[in-house]
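Note sheet for the following structure.
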Amino acid sequence: MQFEQKRNVLTKVAARAGWVANLLLVAGVLACASGCHSTGVPPSASFASVVISGNTPGQIRDAAEEVFTHDGYTVTQTDPGNLVFDKEGSKMNNFAYGNWLGDTPIWIRVKAAIVPLGEMSCRLQCHAYLVRDRGSASEEEITVSRLHKGQYQKLLDAVAQRFARK
């Protein structure tokens, strides 16, 4: 009988140890996944951004307007440090987010900002949105997921490359 009791106790201890080991493993994975995100990029620049040195904000704004216009966007707002670009969305955008009848298309809106970082150094950053009912009282902006930031990062990289060639 003592042997059976000892075996039951050992089985319970082993089960608890396995549970604790699994808990520690999950905690370790979560700690590694969160990690230290010390990239020096603030959350406002986490979608797409590029640092440009040696140029004025006005030069950066002009280059950004050229790159986005070349990609089919129209400039809808241009303040000293803020730019807004709009472009009609694709058929896939309309299918996924818009009116399937096609009478009010989805638009893509990119809001860019030129943030001074120091002497002759600025960060050009942007966020992208899908816009329903553009220009109406019921206009709605849907934030584009970070998973789709690649095409916008390429546009900002193209702005930076214009200065690298000079």
In segment 67-86, is there at least one residue being touching a residue at least 12 places away in the same chain (Cβ under 8 Å), closer than 22 Å to H148 by Cβ and out of contact with any strand residue (DSSP E or B) (no Cβ under 9 Å at 6 or more places or on another chain)? yes
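Are any of the residues in segment 89-107 touching a residue at least 60 places away in the same chain (Cβ under 8 Å) and not small (G, A, S)? Reasoning before the result, please.
From segment 89-107, those touching a residue at least 60 places away in the same chain (Cβ under 8 Å) are none; that's our starting set.
No, that holds for no residue.
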Filter segment 131-145 down to the residues that are assigned to a loop (DSSP other than H, G, I, E, B) and surrounded by fewer than 14 Cβ atoms within 10 Å (Cβ to Cβ) and list them by number. G135, S136, A137, S138, E139, S145
Any idea which of (1) surrounded by 20 or more Cβ atoms within 10 Å (Cβ to Cβ); (2) closer than 20 Å to Q59 by Cβ is the one I106 doesn't satisfy? (2)
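Where a number appears in this text, it was derived from the coordinates with a stated rule and is not lab data. On a predicted model such as this, the values are computed, not experimentally measured, just so you know. All Cβ positions, even for glycine, are placed from backbone atoms using ideal geometry, and neighbour counts span all protein chains on display.
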